[in-house]
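See below for the structure under consideration.
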Amino acid sequence: MQRGARILLVDDDAIFLTIHRVVLQSHGFEVKSASSAQEGLTLAAEWKPDLIVMDVMMETETEGFHATYELRRNPELCHVPILMVTAINQQGYPTGFKPDPTWLPVDQLLDKPVEPERLVAEVNRLLAAKARPAQPRGQ
């Protein structure tokens, strides 16, 4: 675990934000939250988080996807791991969304509801992966 790592939560669900902010802070993370994608993009640019937890369905059903594309186009934020947490698979959309460098450029996708312990475990895993030096292909 990277104590003190900066985690940005982006979700329009105030209960999700409150619960997961408290849980992540209790594990030693510095946490800020945003209740819309636009607010999240602005805060990410100012605060430079180490990891972003992003919802999909906020003001629009695809707002989180669009914010993720914006983050990946930003040279200062394009390497920040993104953990997408969403209920989109429960809304009648085709299931099987998974991370993809072109269509869904996130590092991990979790379905809501997500247990706080699972969120912490995924945050730790993604931060650890980010901290490891990249290995040349084929090794």
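For segment 1-20, taking the residues that are outside any loop (DSSP other than H, G, I, E, B) and of a type in the set (A, V, I, L, M), the one that is surrounded by the fewest Cβ atoms within 10 Å (Cβ to Cβ) is identified as Ile15. For Leu24, the test of being within 12 Å of the chain's Cα centre (by Cα) and crowded, with 20+ Cβ neighbours inside 10 Å is failed.
If I filter segment 42-61 down to residues being of a type in the set (A, V, I, L, M, F, W, C) and surrounded by fewer than 19 Cβ atoms within 10 Å (Cβ to Cβ), which single residue comes out as farthest from Phe29 (Cα to Cα)? Among residues in segment 42-61 that are of a type in the set (A, V, I, L, M, F, W, C) and surrounded by fewer than 19 Cβ atoms within 10 Å (Cβ to Cβ), the one farthest from Phe29 (Cα to Cα) is Ala45.
Quick note: the coordinates plus some simple rules give every number you see, no bench work behind them. The model shown is predicted, which means the values in this text are computed figures rather than measured ones. Using ideal geometry, Cβ is built from the backbone for each residue, glycine included, and neighbour counts are taken over all protein chains shown.
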